[in-house]
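Below: one structure, written as C-alpha cells.
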Amino acid sequence: MITVHFVQPDGSRQDVEADEGMTVMEIAREANVPGILAECGGGAICSTCHVHIGAEWIATFPGRQPTEEMLLEMAPGHDEYSRLSCQIELGAEHDGLVVRIPEEQPEY
Ligand code: FES
C-alpha cells in the first residue's frame with residue numbers, strides 16, 4: 001500500500017491509500033476525488049483526467065507518449081508537470097506522491 005495526496009485548487013487535500021499497479025485515475029475514481037472526470041474510462045481519448053504532478057515526482061514516471069502529448073494540448077492550464085492520470089501507473093516509489101487537480105477540465 002502506498003499513499004497519494006490529492007490537492008484541490010483551493011488547497012484542500014485528500015489522502016488516498018492505493019495498491020501498486022493501479023493508475024492515478026483509477027484510485028482517484030475509487031476514492032471519489034473531485035475534479036478527475038475520466039470520461040473515456042482510461043482510453044486516452046478524452047483528457048478529462050488531466051492532473052499536475054508534484055515537481056519533485058514528475059521524473060519518477062515514464063515520459064509522455066505522443067497521444068498523451070496531443071491530448072494534453074487540449075487541457076486548460078496544462079504545463080510541464082501535466083499528465084493524463086489514466087496513463088501513469090503507481091509503483092512502490094510513489095508513496096507520498098502529490099497530485100494537483102486543475103481548476104477545470106476540458107469540455108466536449
Ligand atoms: Fe480519458 Fe484519461 S480518462 S484520457
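The values are calculated or read from the model by the stated rules, or taken from the named source; none is laboratory data. Worth saying up front: this structure is predicted, and the values here are computed from it rather than measured. Please note: Cβ atoms are built from the backbone with ideal geometry, for glycine as well, and neighbour counts cover all protein chains shown.
General observations
- Selection within the stretch 36-54 - within 12 Å of the chain's Cα centre (by Cα) and within 13 Å of the ligand (Cβ to nearest atom): 36, 37, 38, 42, 47, 48, 49, 50, 51
- Taking the numbered list (1) part of a strand (DSSP E or B); (2) loosely packed, with under 13 Cβ neighbours inside 10 Å in turn, residue 59 passes all entries but (1).
- Residue within the stretch 3-20 that is surrounded by 11 or more Cβ atoms within 10 Å (Cβ to Cβ), closer than 17 Å to residue 106 by Cβ and touching a helix residue (DSSP H, G or I) at 6+ places or on another chain (Cβ under 8 Å) present: no
- In the set 67, 23, only one residue is at pLDDT 95 or above, within 18 Å of residue 6 (Cα to Cα), touching a helix residue (DSSP H, G or I) at 6+ places or on another chain (Cβ under 9 Å) and within 13 Å of the ligand (Cβ to nearest atom); that residue is 23.
- Any hit, the stretch 86-95, residues being touching a Ser or Thr at 6+ places or on another chain (Cβ under 9 Å), free of Cβ contacts under 8 Å to residues at least 40 places away in the same chain and away from the ligand (no atom under 15 Å from the Cβ): yes
- Note on the stretch 82-108: residues that are surrounded by 15 or more Cβ atoms within 10 Å (Cβ to Cβ) and either in contact with an Asp or Glu (Cβ under 6 Å, 6 or more places away or on another chain) or aromatic (Phe, Trp, Tyr) (or both) amount to 3.
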